[in-house]
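Engineer: Here it is: the structure, laid out below.
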Amino acid sequence: MMLLSVLITNYNYEAYAEALNQSVLASVYEPTEIIVVDDGSTGSSLEITYRLATKHPSIVRMYQENSG
């Protein structure tokens with residue numbers, strides 16, 4: 001079976017970060033990985049994705065300085 005990769009871009013999306021990740025995690029397709037690319041967030045979205053990633057190893061976090 002092929003791996004489904006879902007790419008989520010993030011920049012201060014704390015209002016949506018948890019619901020979006022949970023929605024993908026609830027997907028019926030297996031195996032699924034979630035790749036969250038953060039573009040230098042200054043809000044709490046980094047903490048939200050970190051917390052989720054510690055509970056769900058299928059979430060891969062990537063961080064970069066804000067590139068505009």
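Engineer: Expressed in nm to one decimal, what extension gain is obtained for the pair E18 and E47 from 0.36 nm per residue of sequence separation less their Cα-Cα distance? Provide the component values of the computation, followed by the final result.
Structural biologist: Working: separation 29, 0.36 × 29 = 10.44 nm, distance 1.03 nm.
The span from E18 to E47 would gain 9.4 nm if fully extended.
Engineer: Now, a different point. Return the FRET efficiency for the residue pair L25, S67: r is the Cβ-Cβ distance, R0 is 25 Å, and the value is rounded to the nearest 0.05.
Structural biologist: Numbers: r = 27 Å, r/R0 = 1.10.
So the FRET efficiency works out to roughly 0.35.
Engineer: Something else: Starting from the Cα-Cα distance between D39 and L3, subtract it from 0.36 nm times their residue separation and give me the gain in nm to one decimal. Provide the component values of the computation, followed by the final result.
Structural biologist: Details: separation 36, 0.36 × 36 = 12.96 nm, distance 2.48 nm.
Additional length available on full extension: 10.5 nm.
Engineer: Now for a different question. Are there any GluC sites (Glu not before Pro) in region 17-68 that are in a DSSP loop and have at most 11 other Cβ atoms within 10 Å? List them by number.
Structural biologist: Sites meeting the loop and neighbour criteria: E65.
Every read-out reported here was derived from the displayed coordinates using simple, explicitly stated rules and does not represent laboratory data. Nothing here was measured: the structure is a model prediction, and the numbers come from that model. Heads up, the Cβs are rebuilt from the backbone with ideal geometry, glycines too, and the neighbour counts pull from every protein chain shown.
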